[in-house]
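All remarks here apply to the structure that follows.
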Amino acid sequence: MAKHKVKKTIDEINRRIKEGKVVVVTAEEMVGIVKEKGPEKAAKEIDVVTTGTLSPMCSSGAFINFGQSKPPIKAYQVTLNGVPAYAGLAAVDIYIGASEPIMDDPLNKVHPGQFKYGGGHVIEDLVSGKKVELIAKSYTTDCYPSKEIKKQIRLSDLPYAVLLNPRNSYQNYNCAINMKDETIYTYMGVLRPKAGNVNYATAGQLSPLLNDPYCLTIGLGTRIFLGGTQGYITWAGTQHNLSVKRGKNGVPLEPGATLMVMGNLKEMNPRWLVGVSILGYGCSLAVGMGLPIPILNEDMARYTGVSDEDIFTQIIDYGKDYPQGRAKSLGEVSYAELKSGTITLNGQSIQTAPMSSYVRAKEIAEILKEWIQTGHFYLSHPQHLLKNM
């Protein structure tokens, strides 16, 4: 086990936050600091590094209690603006999934797989303060005699609304390409034939989990920026996997860790929760998330000093290999190359495009930095680390 000259604790960092002495930088700023001063000196000077990402995260949704009617109802079939919500919970408890499409979307009848509106849009409408039509049907019981209710609801009227996302903030992800002779439509966007373009979906050096590759400081109860307010990590996300190929400083070379997260939907902002329609694929929700990384020692300083030049991902053919359940790599590419706008594969120059917003990721990291500096955000002690999950 490595012996560190610099050792801090979360309690010490929180005390510095309270005293107004904390030193916080974004992950983008940390790249230059570590390069110039080295990880040991950076660990002495920096207390917290903030990260950020805003990208479509299909495995997202919200638990809602819409309030009991008179006479009461035991809902078994519920729609919000025509989007089905899962009602197999309790009388008026539902879960609306971000990728659930609207029933009978006219666009889907003309172009299968294309939807204008879905669960992600419902969530955005709610946090925007808009009215949403709720229709709930019941098979009726002696204690729940109502057959149907129909009403307009606003987020402020709901007794309870919590964003709870089973899988967010993938630690690295594939770079998508299409080697077939025809255009394909995927959750990674439109991919033109014969390697006409490549799409990627990670914020690179600002991405939350790439700044703690082994999840040494992250776990159950970690406080985060989520949807514009403070939220929490509640568990490892679905498909969480730390047994992946790694490169320099332990950076995963393929999809690795994921997060399950939650927060109060009533405190969130539509700038950081955006309904998305992906052509030929369906609906999703772009989620804004930021993670504070405590710099407890030189290792954490080195990890958070990772740059786009040091982060590589796999080029995967979504036309042939991915649909067959294979993730055969056509080669590796750095995020520096991807962000340059073109990469070269087999001698061919190919345009690149992000599914995520680096501009918004920077904004999230800066907001989280300000919250910590002004004493509005304290670090939390994880109760169970993701490295053990």
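Does at least one position in the range 298-310 carry a residue that is more than 28 Å from residue 47 (Cα to Cα) and part of a helix (DSSP H, G or I)? No, because not a single residue in the range 298-310 is more than 28 Å from residue 47 (Cα to Cα) and part of a helix (DSSP H, G or I).
Quick one: residue 270 ticks every box in (1) modelled with pLDDT of 95 or more; (2) out of contact with any strand residue (DSSP E or B) (no Cβ under 9 Å at 6 or more places or on another chain); (3) of a type outside the set (A, V, I, L, M, F, W, C); (4) within 15 Å of residue 311 (Cβ to Cβ) bar one, so which box is it? Condition (4) is where residue 270 drops out.
Quick check on my filter: what residues within the range 91-150 are under 15 Å from residue 275 (Cβ atoms), among the hydroxyl-bearing types (Ser, Thr, Tyr) and at pLDDT below 95? Don't jump to the end; show me each part of the working.
Residues of the range 91-150 that are under 15 Å from residue 275 (Cβ atoms), as a first pass: 96-102, 105, 107, 114-130, 132.
Among the residues that remain, those that are also among the hydroxyl-bearing types (Ser, Thr, Tyr) are: 99, 117, 128.
Passing the criteria: only 117.
Matching residues to (1) crowded, with 18+ Cβ neighbours inside 10 Å; (2) in the same structural domain as residue 87 (by TED's automatic domain parsing); (3) at positive phi:
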| site | (1), (2), (3) |
| --- | --- |
| 119 | yes, yes, no |
| 133 | no, yes, no |
| 145 | no, yes, no |
| 186 | yes, no, no |
| 195 | yes, no, yes |
| 203 | yes, no, no |
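Could you please find all residues in the range 355-380 being part of a helix (DSSP H, G or I), buried (at least 21 other Cβ atoms within 10 Å of the Cβ) and in contact with a helix residue (DSSP H, G or I) (Cβ under 8 Å, 6 or more places away or on another chain)? Those that are part of a helix (DSSP H, G or I), buried (at least 21 other Cβ atoms within 10 Å of the Cβ) and in contact with a helix residue (DSSP H, G or I) (Cβ under 8 Å, 6 or more places away or on another chain): 358, 361, 365, 372. Within the range 372-383, can one find any residue that is in contact with a Leu (Cβ under 7 Å, 6 or more places away or on another chain) and polar (S, T, N, Q)? Yes - at least one qualifying residue is present in the range 372-383.
Evaluated against (1) without any contact (Cβ under 8 Å) to a residue 24 or more places away in the chain; (2) outside the structural domain of residue 353 (by TED's automatic domain parsing), residue 290 falls short on exactly one condition, (1).
Take the conditions (1) surrounded by fewer than 17 Cβ atoms within 10 Å (Cβ to Cβ); (2) assigned to a strand (DSSP E or B); (3) aliphatic (A, V, I, L, M); residue 336 misses just one of them, which is (2).
The values are calculated or read from the model by the stated rules, or taken from the named source; none is laboratory data. Remember, it's a predicted structure, so these values are computed and weren't measured experimentally. Neighbour counts are summed over all protein chains in view; Cβ atoms, including those assigned to glycine, are modelled from backbone coordinates with ideal geometry.
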